[in-house]
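Nothing in this text is a laboratory measurement; each read-out follows from the coordinates by a stated rule. This one's a predicted model, so the numbers in the text were calculated from it and none came from an experiment. All Cβ positions, glycine included, derive from the backbone under ideal geometry; neighbour counts span all protein chains shown.
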Amino acid sequence: MASGMARGLLIALEGIDGCGKSTLAGLLAAVLEKQGREVVLTREPTSGITGQTLRRYLSGSSRHLSPEEELQLFVADRREHVDQIIRPALEAGKIVITDRYYYSSVAYQGALGLDPNRILALNESFAPRPDLVFVLNLPVLVAMKRLARKGKEGLQVSESPGYLKQVAAIYASLKGAHLRQLDAEPLPEVIKEILLAETNRELKRIEGETQAS
């Protein structure tokens, strides 16, 4: 096992577009690698065949699939993600940091009217539960302004501010011992230190369990 870990660590960063997930995932991965950890930085939708199909669909001219059809596409991509990247890396004792995971389906398809609890149960029937989930909360209008400053469109197909507010509300309602609800408005370097402290705390706990066993 890598870095003396008996098992890997799975971290997911979640939130609406513009909350800083991708930036923070990269910052966290970089500092962990400097600590000598083996890190796999990944994302959803993936760059696999199904993931590419999803990305084309979401950037297309119409959101023509039903919420259930969207969910099944995300689930298919996630199954590939788990089988090909996440589970092998965890079994090798590596730290996996994913920019979006199944909580994105809970929030986005849940806001389209599907039952968030059913979505969660469906995904957890095959996908490993993360050791840590960082939910980055940011007002929708602030997120859209951030995206506009970067020259990116604030909305994907059929994503109105009202819909995204529902997505954000579902994210904010998520609870669990492994979930951390964070304010995404501070500077990335400030938030990174919070992520790092929580990650190091979890690594120490896991390594303590390994030494005790």
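Kirkwood analysis of the Cα pair distances in the chain returns a hydrodynamic radius of 17.7 Å.
If only the Cβ of Lys and Arg carry +1 and only the Cβ of Asp and Glu carry -1, the dipole of the chain around its Cα centre is close to 360 debye.
Place +1 on the Cβ of every Lys and Arg and -1 on the Cβ of every Asp and Glu in segment 2-212, take the dipole about the Cα centre, and give the residue among Val167, Ala76, Ala25 whose Cα lies farthest towards its positive end. Positive-most Cα among the choices belongs to Ala25.
Result for the chain in a Gaussian network model with C-alpha springs under 10 Å: among Leu132, Leu179, Leu28, the largest mean-square fluctuation is at Leu179. Using a 10 angstrom cutoff on alpha carbons, build the Gaussian network for the chain and name the most mobile of Leu27, Leu54, Leu187. In the Gaussian network model the winner is Leu187. For Val40, the residues whose modelled amide H falls within less than 5 Å of its own, excluding neighbours fewer than 5 places apart on the same chain, are Ile95, Val96, Ile97. Between Val39, Val96, Val31, the Gaussian network model of the chain with springs among Cα atoms under 10 angstrom shows the greatest mean-square fluctuation at Val31.
Dipole size in debye (nearest 20) for segment 31-116 around its Cα centre, Lys and Arg Cβ +1, Asp and Glu Cβ -1? Let's see the in-between values first.
Working: 11 positive and 12 negative charges, 61 e Å.
That gives segment 31-116 a dipole magnitude of about 300 debye.
What is the Cα centroid distance between segment 26-61 and segment 161-180, reported in whole angstrom? The two parts, judged by their Cα centres, are 21 Å apart.
Quick one: grab the alpha carbon gyration tensor of segment 174-213, order the square roots of its eigenvalues as a ≥ b ≥ c, and give me rounded if a/c is under 1.5, else prolate or oblate depending on whether a/b is larger than b/c. Note, shape of segment 174-213 comes out oblate. Over the residues of the chain, the helix contribution to mean residue ellipticity at 222 nm works out to -15500 deg cm²/dmol, using -39500 (n - 2.57) for each DSSP H run of at least 4.
For segment 12-110, the fraction of C-alpha pairs farther apart than 18 angstrom is 51 percent.
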